[in-house]
Amino acid sequence: MIQKKICMVGVFGTGKTSLVQRFVHSMFTDKYHSTVGVKIDRKQVLLDGETVNLVLWDLAGREESEEIPTSYFRGSAGIFYVIDGTRRETFDQIFAIRESVQGTIGVVPSLVALNKKDLVDEWRLGQGDYNALMDADLHAIGTSAKSGEGVENAFLWIANATVNK
Amino acid sequence: MSQMNQSESSSIGGTIDTCGVTHTGKVRETNEDQFFVASLQKSLNLLHTSLDQVAAFDEVQKSKAYLFVVADGVGSTGGGQIASSMAVQSLITYISRTMGCFYGYDIDSEHEFIEQLEAAVQHAHDKIVTEFSSKGKGPATTLTIATLIWPRVYYIHVGDSRAYYLRNGRLKQITRDQTMGEMMIDQGVMTEEQVTRSSLMNMLASAVGGDLKPAVGLIDLQWGDTLLLCSDGLTRHVSDEELTNILGAADSADSACQLLLNAALEGGGRDNITVVVGRAVEDDR
């Protein structure tokens, strides 16, 4: 069976764990639990008739005082960046995080989840930001771990990208 | 009370000072907790050689792992003791049979290593289920395992025993309790207050020998960090603040274990108490 390691990366509180919970366990909780280190989950998906085992590494969010250990990225087939669309700084920091990722493992298939899409009134991103992601060759998908919107689509996109790269 | 402590120097730039202690507590008649701390090392000792360069031998000596395990059995009429003992023993058996995965450890293929640890837990679970399959609902146990291959700690966690680490005076809980209470809170079915007043906080949502749902993860330690594994007999009496103060003040794993045990006993000792500590002490430069 094909196995692919995908790292969930982003600033703290963007909803990385919630996205994994939604995708793997079809669950969502409003209660915030800060991830410590890395939490590993698995989910099998069927792509073009072939079963792919996704190994999801949910990395503790980047905080000002603590960088993400770059060794966590090693062996990753794909990177799943997560931005909180209601917190502009989580968008701004994604480029520095990406630099750190690419400095460690080079260019691998990557996706940006624009998360918390259900909070439309608090949305802080605009067309210019989407263009900046496109210019950086980053495919973006709007997601809501709360409603489930876009979640399956996002994980299947990154799974496909890692298999077909 | 039973205790073990060990301080081993190594070539990783420091020492892992370890200790473990378990106590029946003040109320229970039997101790259903189990623990062990073990070190694994590639063993190829150079006695004689014609080689000028012996660096390759250093590499073999360098690699060392530490295994920290805590199990807290649950079940009636001594079943919990059997379950925790069986889980820990089958874990040892499985690991001894699959030592190759440790010898072949490489950070780029660490998923294989993690899979072996998961398989070891599954093996322990299967053993208990098979043993008690003809006797209706059998006993079960929590199981928290931390494998340290410096600086990385791989953990597998089932139930409500806990793993923490202390860094720069800040205590972080690595594991999350797998109890019905936590699950109810997560699903928004009950509030924290409602759960605290119910018996759900102590009801396991995941157990070895029961409904097995292991949580898997890892963290990287730094020199000066302290790793703590414990059964709920400690945490029901000793707050996070007290854990922080005691671990921060202790000058050895041995004293940390003793002080934590004493605090739990002074707090009431209503359950069995198990404490396992690993301190990452950097060599003097």
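Values in this text are rule-based calculations from the coordinates and carry no lab data. Everything numeric in this text was worked out from a predicted model, so none of it was measured. So basically every Cβ, Gly included, is an ideal-geometry build from the backbone, and we count neighbours across all protein chains shown.
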Problem set entry | Qualifying positions in region B:117-170 - over 18 Å from B:GLU32 (Cβ atoms) and of a type in the set (S, T, N, Q) | B:GLN122, B:THR130, B:SER133, B:SER134, B:THR147, B:ASN168
Problem set entry | 2 or more residues of a type in the set (Val, Ile, Thr), in contact (Cβ under 8 Å) with a residue 40 or more places away in the chain and closer than 12 Å to A:GLY10 by Cβ: qualifying strands (runs of 3 or more DSSP E) within region A:40-125 | A:78-84
For this session: Go through region A:63-81 and count every residue that is out of contact with any helix residue (DSSP H, G or I) (no Cβ under 6 Å at 6 or more places or on another chain) and either more than 16 Å from A:ILE6 (Cα to Cα) or among the β-branched types (Val, Ile, Thr) (or both).
Result: 6
Problem set entry | Breaking point among (1) closer than 25 Å to A:ASP41 by Cβ; (2) away from chain A (no Cβ under 14 Å), for B:ILE185 | (2)
Problem set entry | Check on B:GLN173, within 17 Å of B:ARG236 (Cβ to Cβ) and either within 11 Å of chain A (Cβ to nearest Cβ) or basic (Lys, Arg) (or both) | yes
Problem set entry | Scope region B:90-117; condition part of a helix (DSSP H, G or I) and in contact with a helix residue (DSSP H, G or I) (Cβ under 7 Å, 6 or more places away or on another chain); matching residues | B:SER90, B:LEU91, B:TYR94, B:ILE95, B:CYS101, B:ILE107, B:GLU112, B:PHE113, B:GLN116
For this session: Pick out the one residue from B:ARG170, B:ARG197 that is among the basic types (Lys, Arg), farther than 21 Å from B:SER85 by Cβ and in contact (Cβ under 8 Å) with a residue 60 or more places away in the chain.
Result: B:ARG170
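Yes/no matrix, rows are residues, columns are (1) within 14 Å of chain A (Cβ to nearest Cβ); (2) basic (Lys, Arg); (3) in a strand (DSSP E or B); (4) surrounded by 19 or more Cβ atoms within 10 Å (Cβ to Cβ):
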| site | (1), (2), (3), (4) |
| --- | --- |
| B:GLY224 | no, no, no, no |
| B:LEU227 | yes, no, yes, yes |
| B:LEU247 | no, no, no, yes |
| B:VAL277 | no, no, yes, yes |
Exercise. What number of residues in region A:1-27 are more than 9 Å from chain B (Cβ to nearest Cβ), in a loop (DSSP other than H, G, I, E, B) and among the hydrophobic types (A, V, I, L, M, F, W, C)?
Worked result: 2
Exercise. Tell me, which residue of region A:69-94 that is aromatic (Phe, Trp, Tyr) and more than 14 Å from chain B (Cβ to nearest Cβ) is surrounded by the fewest Cβ atoms within 10 Å (Cβ to Cβ)?
Worked result: A:PHE91
For this session: Quick one: in region B:186-222, of everything that is more than 21 Å from A:HIS25 (Cβ to Cβ) and among the polar types (S, T, N, Q), which residue is surrounded by the fewest Cβ atoms within 10 Å (Cβ to Cβ)?
Result: B:SER199
Exercise. Of the conditions (1) charged (D, E, K, R); (2) closer than 23 Å to A:ASN153 by Cβ; (3) exposed (fewer than 14 other Cβ atoms within 10 Å of the Cβ), A:GLU66 fails just one. Which one is it?
Worked result: (2)
Exercise. Which one of these does B:TRP223 not meet: (1) out of contact with any helix residue (DSSP H, G or I) (no Cβ under 8 Å at 6 or more places or on another chain); (2) farther than 28 Å from B:ILE82 by Cβ; (3) without any contact (Cβ under 8 Å) to a residue 40 or more places away in the chain?
Worked result: (3)
Exercise. Out of region B:101-141, which residues are within 14 Å of chain A (Cβ to nearest Cβ) and closer than 16 Å to B:GLY159 by Cα?
Worked result: B:GLU118, B:VAL121, B:GLN122
For this session: Could you list all residues from region A:126-144 that are of a type outside the set (Gly, Ala, Ser) and in a loop (DSSP other than H, G, I, E, B)?
Result: A:ASP137, A:LEU138, A:THR143
Exercise. Is there a residue in region B:174-182 that is out of contact with any His (no Cβ under 8 Å at 6 or more places or on another chain) and assigned to a strand (DSSP E or B)?
Worked result: yes
For this session: Find all pairs meeting these conditions: Cβ atoms under 9 angstrom apart; at least six residues apart or on different chains; first residue within region A:1-22 and touching a residue at least 60 places away in the same chain (Cβ under 8 Å) and within 14 Å of A:ASP41 (Cα to Cα); second residue aromatic (Phe, Trp, Tyr) and assigned to a helix (DSSP H, G or I).
Result: A:ILE6/A:PHE155; A:CYS7/A:TYR72; A:CYS7/A:PHE73; A:LEU19/A:PHE155
